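For reference, the structure discussed in these notes is given below.
The values are calculated or read from the model by the stated rules, or taken from the named source; none is laboratory data. What you are looking at is a predicted structure, and each value in this text was computed from that prediction instead of being measured. Here the Cβ is made from the backbone with ideal geometry for all residues, glycine too, and neighbour counts use every protein chain on show.
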Amino acid sequence: MTASASRLNQLLELARAGSPETRGKLLHALAELLLTESDRISATAQQHLDAILTQLSGEAAPALKRDLARRFADAQRAPKGLLKALARDDISIADPILRRSTVLSQEDLLALIHSQGEKHLAAIARRREIAPEIAGALADRGGEETLLILARNQGAVFSFSGMGAMTAKARAFPALQAPMTERYDLPPLFLTQLYFHVPSALKKAILKRSDMLDPTLVEQAVKANRRNVYDEASQTAENMDADDANAVALRVIAEKIENNAVDEALLRTLIAEKYDAAFPFAFAHLAGVDLATARIIMDDRTFEALAIACRASNLAQQTFAKMVFFFRKGDGDEARALKILDVYVKVPTDAAERVMRFWRMRTEAAASAARLSRFIEDSDDDPLTLTTRAKGW
């Protein structure tokens, strides 16, 4: 047995032999030693002390554990075993560690999120900095309290899917809508989705955000988007069999783009002839968005983004209806499609145009389309509540 191990056993025997008062004093003394002398204690010795502290803390009075948690929450070299034990304790003890400790790793926090209750999750949601994986786990498992704190925490960084989960929760949880709308890292995709579900005041807030975009920059973005769509249509047609029907359609589209002749009638023709490969190019040009964004709009099985884009492009409801049923996939989409047709006429054109500014300024890889499609299709939420959305428009 090594000297360190022998000394550890002696301390453990001392801890076992003493009275609760003696063990409490020993716990306090060892904690004070680690807090004040950690630079002088070897890593091995610190591990041994951590083991003793963790065992002693299991029987310590709540007041002593709260004091330990408060004092170790901000310590850079705090005993990790002790911290993990205290973090699983009653929330009155765990709170400062869950909120502030940087010793807990991302894996430690994820384990706590998946094993503890709402109060512990809410404390983690208050951390100054929250990594995307942590934010996503909180969004998945958190209740209303956690979600509200998380949405208001500007130090929380969300992945695409994490932000999508928060947006989906906001549909069913009205109190979450305002803090989500106020997040300036909310992607245009989800901001547009929120627009359909929030009350009038928040609709105005979303539109104000679009008003912050420089109109000159938006116009330049539209021109660049249409130029890129023309280039992609021409290149795609060249790479296809010359006799392929979609290749022929793409050449026609490129020619019409060049002559600024893409119009609603062309869209209806492409739908009627089932030119599914060529259609996105004409739609992207007419909406003034890049091709990846056009595909995201078309892949949205709620059809809400499509309603915004079509209203902003001044398309007739009949054309919009043809597009909805052209894109519809699966029997489950029919009910949604019929509902969105009723709502379409209630979307003001000027409001749709202002929301579309975000989309026209957007440049993101086409992989986002696949992510959005998976997110929408995996969701069990019914996003359409006609009575709520009709008010305030």
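Based on this model, can you work out whether Ile124 counts as among the hydrophobic types (A, V, I, L, M, F, W, C), under 22 Å from the mean Cα position of the chain (by Cα), at pLDDT 95 or above and part of a helix (DSSP H, G or I)? Yes, satisfied. Any residue in region 262-269 that is assigned to a loop (DSSP other than H, G, I, E, B), modelled with pLDDT under 90, charged (D, E, K, R) and under 24 Å from Arg328 (Cβ atoms)? No: region 262-269 contains no residue that is assigned to a loop (DSSP other than H, G, I, E, B), modelled with pLDDT under 90, charged (D, E, K, R) and under 24 Å from Arg328 (Cβ atoms). Regarding region 177-188, can at least one residue be identified that is part of a helix (DSSP H, G or I) and of a type in the set (Lys, Arg)? Scanning region 177-188 turns up no residue that is part of a helix (DSSP H, G or I) and of a type in the set (Lys, Arg). Annotation: of all residues in region 270-304 being assigned to a helix (DSSP H, G or I) and in contact with a Pro (Cβ under 8 Å, 6 or more places away or on another chain), the one that is farthest from Met240 (Cα to Cα) is Glu304. Go through region 229-251 and give me each residue that's within 22 Å of Thr293 (Cα to Cα) and either hydrophobic (A, V, I, L, M, F, W, C) or outside the structural domain of Ala282 (by TED's automatic domain parsing) (or both). Listed by number, the residues that qualify are Val229, Ala233, Ala237, Ala247, Ala249, Leu250.
Restricted to region 79-102, and to residues that are part of a helix (DSSP H, G or I) and among the basic types (Lys, Arg), which residue is nearest to Ala43 (Cα to Cα)? Here the answer is Lys80. Is it the case, given these coordinates, that Ala51 is in a loop (DSSP other than H, G, I, E, B), over 38 Å from the mean Cα position of the chain (by Cα) and at pLDDT 80 or above? Criteria not met by Ala51.
Tell me, which residue of region 282-295 that is aliphatic (A, V, I, L, M) and surrounded by 24 or more Cβ atoms within 10 Å (Cβ to Cβ) is farthest from the chain's Cα centre (by Cα)? So that I can check it myself, show each step before the final result.
The initial filter retains those residues of region 282-295 that are aliphatic (A, V, I, L, M), namely 282, 284, 286-287, 289, 291-292, 294.
Filter once more, so that each one left must be surrounded by 24 or more Cβ atoms within 10 Å (Cβ to Cβ): 282, 284, 287, 289, 294.
Values: Ala282: 30, Ala284: 26, Ala287: 26, Val289: 23, Ala294: 21 Å.
If we take residues in region 282-295 being aliphatic (A, V, I, L, M) and surrounded by 24 or more Cβ atoms within 10 Å (Cβ to Cβ), then Ala282 is farthest from the chain's Cα centre (by Cα).
A quick yes/no check of all residues on (1) outside the structural domain of Leu306 (by TED's automatic domain parsing); (2) modelled with pLDDT under 90; (3) surrounded by fewer than 16 Cβ atoms within 10 Å (Cβ to Cβ); (4) basic (Lys, Arg):
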site: Asp140; (1), (2), (3), (4): yes, no, yes, no
site: Gly162; (1), (2), (3), (4): yes, no, no, no
site: His197; (1), (2), (3), (4): yes, yes, no, no
site: Ser200; (1), (2), (3), (4): yes, yes, yes, no
site: Ser210; (1), (2), (3), (4): yes, yes, no, no
